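Engineer: If you scroll down you'll find the structure; I have some questions about it.
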Amino acid sequence: MKPPPFAYSVPATVAEAVELLAAHADAEPRVLAGGQSLIPLMNFRLAQPGHLVDLRNIAELSSIRLDGDALVIGAMTRQSEVERSPEVALAAPLLAEAIGLAAHPPIRNLGTVGGNIAHADPAAELPAAVLALDGELVAVGPDGPRTIAAADFLRGPFSTALAADELLTEIRLPRRDLAGVRGGYAFVEFSRVHGNFAIVGVAALVELDGDRIRRAALALTGVAPTAIRAHAAERALTGAAPDPAAVAAAAEAAVAGTSPSGDVHAGAITRTVLARTYVRRALDLAISRARDER
Amino acid sequence: MKPQKHPIDVTVNGRRHSTEVEPRLLLVDFLREELGLPGTHVGCEHGVCGTCTVLLDGASIRSCITFAVQADGAEVSTVEGLARGAELHPLQDEFWDKQGLQCGYCTPGMLMRAQEILAANPDPTPEQVREGISSNLCRCTGYQFIVEAVLAAADRLRDGTAAGARENTEVRS
């Protein structure tokens, strides 16, 4: 199995990469990050880009840093590096937990955080985690950088707000001020085989203020064309006691407005039932973690 | 149209290769066909089965979904680099001893992945080994003997026991 021939460039800077994408627009160029989604598609010849712009030599795109109130992850940072990062463990443990469910270590060793999000597989874990974290994506094009909220970035299956000549450069995750509250997180999913794409996945964040939920964030995969936020469920949880009744009501609210389409992996009803169950499990785990936090 | 070639400088099992490759050349094909190292197997060719696993700068990767150009400037380790002459690596030795292979198709990938698992955690539990090798498919053994082999190799590597210095080596000669 061989990918079709393509022209190849290895720019050293973001500006150069953007120029290459514009200059070779006729060849329907694609960006090569880790290649762990794109190269299988090229092996099957489902993707046949005429030009690949490989970002591996752009050092500035591989970094994990704190910038004021945000944790900033360069788009080319390897998933395994983010998974093990002490900064991420402190500021966004939900993301590390989501990465741990994405494929297997050999894929995560080359696969990048930015590549996964820009690929926008509707079943992927990372877009859901970034959505739950109120993340922002920074894209650079010929007119310079722009910042896009995760909810606006994810347009549909394998479809994002990125223009053809734009490059995803950074993932910005705001750090919540948890003074006086206890925070908990959880990413849980159902997949038929460990390491496969999830049929349904749920990202949950809760903040407990005494015996009340001050804030909750929930994002789901597998029930819509992209990862989605469950706003109705979040509203139902806000101000409620973190008890089984509130969790059950939130699980109902989370699936109430969804109409998943069934496929060969799972029918629509299965997905709905799984989503309800996994929202409950995610909230239970997030709440218990918040309670255990000292 | 003559295919465009791209220069790469890659070290494989300690030996440096400066050459030019077509950008679409997969790392596994570079290893097997250009360097004559057929120990790395081609399986599913879309990153699922794991038999093409090699180490890139010490980290396991799927060489069937990696372009050779992506290994430019890196060190690649393949199954051919495990043994020292006729002396098998403890992992290879224990796969033999514990019957961690039957058809052998998954073995090169299993060995390279096991190397990374033991480098990160020299004293894993059976569950950790099982979880670790879940990235690699084996259709013969049911995995049990592979787990036993990796655990036995871990013991020997921790003890610093030289490969082949055990009692039952004579059964192989």
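Engineer: Can you tell me how much longer the chain between A:D143 and A:T277 gets when fully stretched, taken as 0.36 nm per residue apart minus their C-alpha distance, in nm with one decimal? Write out the running numbers ahead of the final one.
Structural biologist: Values: separation 134, 0.36 × 134 = 48.24 nm, distance 4.51 nm.
Taking 0.36 nm per residue and subtracting the Cα distance, the gain is 43.7 nm.
Engineer: Work out the FRET efficiency for A:R212 and B:D123 from their Cβ-Cβ distance, taking R0 = 56 Å, and round it to the nearest 0.05.
Structural biologist: On the way: r = 44 Å, r/R0 = 0.79.
After rounding, the FRET efficiency stands at 0.80.
Engineer: If I require 15 Å or longer along the helix axis, counting alpha carbons, and a Kyte-Doolittle average no lower than 0.0, what helices from chain B are left? Use full DSSP H segments.
Structural biologist: Span-like helices, by this rule, are B:107-120, B:144-159.
Engineer: What are the extents of the Cα atoms of the stretch A:117-181 along their three principal axes, in Å, largest first?
Structural biologist: 45, 29, 14
Engineer: Something else now. Any idea what diffusion coefficient the stretch A:1-109 gets from Stokes-Einstein, in µm²/s, Kirkwood Rh on alpha carbon pairs, 10 °C, 1.306 mPa s? Can you show the working numbers first?
Structural biologist: Working: Rh = 15.4 Å.
D, rounded to a whole number, is 103 µm²/s.
Engineer: Follow-up. How large is the convex hull of the Cα atoms of the protein assembly as shown per residue, expressed in Å³ as a whole number?
Structural biologist: Cα convex hull per residue, to the nearest whole number: 157 Å³.
Engineer: For a quick check of your reading of the filter: which trypsin sites (Lys or Arg not before Pro) in the stretch A:43-109 sit in a DSSP loop and have no more than 14 other Cβ atoms within 10 Å?
Structural biologist: When the trypsin sites (Lys or Arg not before Pro) of the stretch A:43-109 are filtered for loop state and at most 14 Cβ neighbours within 10 Å, A:R45 remain.
Engineer: Ok, one more. For the stretch B:1-97, what are the per-bin percents of Cα-Cα distances with bins 5 Å wide, up to the bin holding the maximum?
Structural biologist: Each 5 Å bin holds this share of Cα pairs: 3, 13, 23, 25, 18, 11, 5, 2, 1, 0, 0.
Engineer: Per residue, what volume in Å³ does the Cα convex hull of the stretch A:183-294 take up?
Structural biologist: Expressed per residue, the convex hull around the Cα atoms of the stretch A:183-294 is 88 Å³.
Engineer: So in the protein assembly as shown, what percent of DSSP beta bridges are antiparallel if you round to the nearest 5?
Structural biologist: 90 percent
Engineer: What is the ratio of the Cα radius of gyration of the stretch B:1-44 to 2.2 N^0.38 Å, where N is its residue count, to two decimals?
Structural biologist: 1.22
Engineer: Okay, moving on. Hey, got the average number of other protein chain Cβ atoms within 10 angstrom for residues in B:42-55? Kindly include the intermediate steps, with their values, before the conclusion.
Structural biologist: Working: counts 1, 0, 3, 6, 7, 12, 7, 0, 4, 0, 1, 2, 1, 2.
Rounded to a whole number, the mean comes out at 3.
Engineer: Let me ask another. Quick one: work out Rg over Rh on the C-alpha atoms of the stretch B:40-82, Rh as Kirkwood radius. Can you show the working numbers first?
Structural biologist: Details: Rg = 9.8 Å, Rh = 10.5 Å.
Computed over Cα atoms, the ratio is 0.94.
Engineer: Which is the longest stretch in chain A that no exposed loop site breaks, taking sites as chymotrypsin sites (Phe, Trp or Tyr not before Pro) with a DSSP loop state and at most 16 other Cβ atoms within 10 Å? Walk me through the numbers before you get to the answer.
Structural biologist: Working: sites that count: A:F44, A:F158.
The longest such stretch corresponds to A:159-294.
Engineer: Please state, to two decimals, what the Cα-based radius of gyration of the stretch A:77-162 comes to when divided by 2.2 N^0.38 Å (N = residues). Present the calculation step by step, with values, prior to reporting the outcome.
Structural biologist: Numbers: Rg = 12.7 Å, N = 86, 2.2 N^0.38 = 12.0 Å.
That works out to 1.06 for the stretch A:77-162.
Engineer: Pick from B:E22, B:E87, B:E127 the residue whose mean-square fluctuation is largest in a GNM of chain B, springs joining Cα atoms under 10 Å.
Structural biologist: Taking springs between Cα atoms under 10 Å, the residue moving most is B:E127.
Engineer: Would you work out which of B:F30, B:F67, B:T107 lies farthest towards the positive end of the dipole of the stretch B:20-173? Charges go on Cβ: Lys and Arg +1, Asp and Glu -1.
Structural biologist: Farthest along the dipole direction, towards plus: B:T107.
Engineer: Diagonalise the Cα gyration tensor of chain B and give the resulting equivalent ellipsoid semi-axes, square root of 5 times each eigenvalue, largest first, whole Å.
Structural biologist: After diagonalising the Cα gyration tensor, the semi-axes are 30, 17, 14 Å.
Engineer: Moving on to the next point. Residue separation times 0.36 nm, minus the C-alpha to C-alpha distance between A:K2 and A:A151: what's the value?
Structural biologist: 50.0 nm
Engineer: When the convex hull of the C-alpha atoms of the stretch A:230-294 is computed, what volume per residue in Å³ does it have? Don't skip to the end; give the middle numbers.
Structural biologist: Working: hull volume 5.3 nm³, N = 65.
About 82 Å³ per residue, rounded to a whole number.
No value in this document is a laboratory result; all are computed from the given coordinates. A quick note: this is a predicted structure, and the numbers were derived from the prediction, not measured. Heads up, the Cβs are rebuilt from the backbone with ideal geometry, glycines too, and the neighbour counts pull from every protein chain shown.
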